[in-house]
Structure formats: C-alpha cells, structure tokens
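Below is one structure, written out as structure tokens, with a few remarks after it.
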Amino acid sequence: MNTLALGPQWLDPDYLLQTFGLVGLLFIVFAESGLLIGFFLPGDSLLFTTGLLVTANKLHTPLWAVCLLVVLAAVLGDQAGYLFGRKVGPSLFKRPDSRLFKQENVEKANLFFEKHGPKSLILARFVPIVRTFTPIIAGVSRMNYRSFITFNLIGGAMWGAGVTLLGAALGNVAFVHKNIELMLVAIVLISVVPIVIEYLRARGKAAKEPAGAAGRSATGSDRPLGAPADGRRGRHAKR
C-alpha cells in the first residue's frame, strides 16, 4: 500500500509501519502521549493506517492484539507525562523555547486543562500537540491520581482502539482502499480543526480585551502561568 507522505518521508505512516513495524508504532504512540519530544508525531494517521494494514493482511498481528497494545502504550505514555509533570512542577512554565520545545504549546495545554478539567484527558486525545502536553499539565496541577488513572484509561481506549478500529472498518470499503492518500489527508485535516477553532477564538478574545489586560497571564488571571488557583494547590489536586 502506497500512501502520500504528509511532510518528510520519515513521518509518513506507511513508511513508519513498513520500516519499524509494530514496535515502532507502540513507541510513537507512547512518545506522543506524554513525552515532550513526541508532539510532532503522526498519531491519528498512524493508527488509522495501522487498521488499514491489518485489514489488508499486511500487518501480521490480530486486530484485537494491536488494539490492546496500542491502548497500553497510550496509557503508559500519559502515565509518564503525568509523573514528569509532578516532578518538574511549575518550572516547566519557565523553560526557554528550543527547536523541540515551545512555551506556547504548554500554555495551550494549560488552558485546555483549566477549561475542561479531568475530562480534558479524554478530549485532548483527539487534539494533536495538546494530547502530548495535557497529562504533563495534569501532573503539574497535582491532579488526584485515582481520577487521572480513570480518565487516562478511558481516553487511551477511545483514541487508541477507536481510531485503529475505524481504519480497520473503513479498510473494507472499496472507495477508502482505493483512495488511501485522500483519507490520510482528511484524517490530518480533521485532527487540526480543533486547533484552528481554538486559535481563532483566542484571536477574537484577545482583540476584545482592554489594553490594561495585556499584562495578564494566558490563564486569564494575574497569577503566574501554572500556579495553583488558590495559591497553594491546584483545583484538581489530591486532598
């Protein structure tokens, strides 16, 4: 199966799967789920392509086993991100920008977490970049660990197994099988829609803010970004 490389060849889902196989897939899912360096990896299109390959008998692993392993990698990735956030704490918000790290990504994930609370761990799974940083923000905010595990499992299963099963189901459709490139482009475009919407909303909100609000932080308050709302502990902290 030939697919269109969406960017560099080493980011093309088919190339990655043909080159690194199931082990490479699991590493990418783990990295994109909670490691700072994984935000640019093609998680959605990769899982969709995996489902297609399983249906086409080009990935010789049972679909149920692939889904189980993908969910496990996604859950463990979020777990790693949460523990990293708890260890690093607010210092993450003071880290300087680099080629692989942008403070803007942390701020977006922080706003997303503040807005949606624990359920952000589920919603963020379907938003590129945000899904990488949200578990880290949950750790920084010292979210109740039992709640984190619960939402982590639900989100990991819905995203990991859901997108893979979608690819497997649509792989039996003749139109999809003959237009793989088009489907992957559609997956990527759909995945960035939430980012575009949030960007436009942020621009509209910034345009309406009075000049005196320019010095306020991105969280909409005068407290430092990442600092607990009550001055001691985050609202999702374990009591």
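Each reported figure results from applying straightforward, stated rules to the coordinates on display, with no laboratory input. All figures in this text were calculated on a predicted structure; none of them were measured in a lab. All Cβ positions, even for glycine, are placed from backbone atoms using ideal geometry, and neighbour counts span all protein chains on display.
Full extension of the chain between Asn172 and Lys208 yields a length gain of 8.1 nm, computed as 0.36 nm times the residue separation minus the alpha carbon distance. The listed peptides 68-78, 145-155, ordered by packing as a protection proxy, come out as 68-78, 145-155 (highest mean of other Cβ atoms within 10 Å first). Length gained on full extension, Lys87 to Thr150, computed as 0.36 nm times the residue gap minus the Cα-Cα distance: 20.6 nm.
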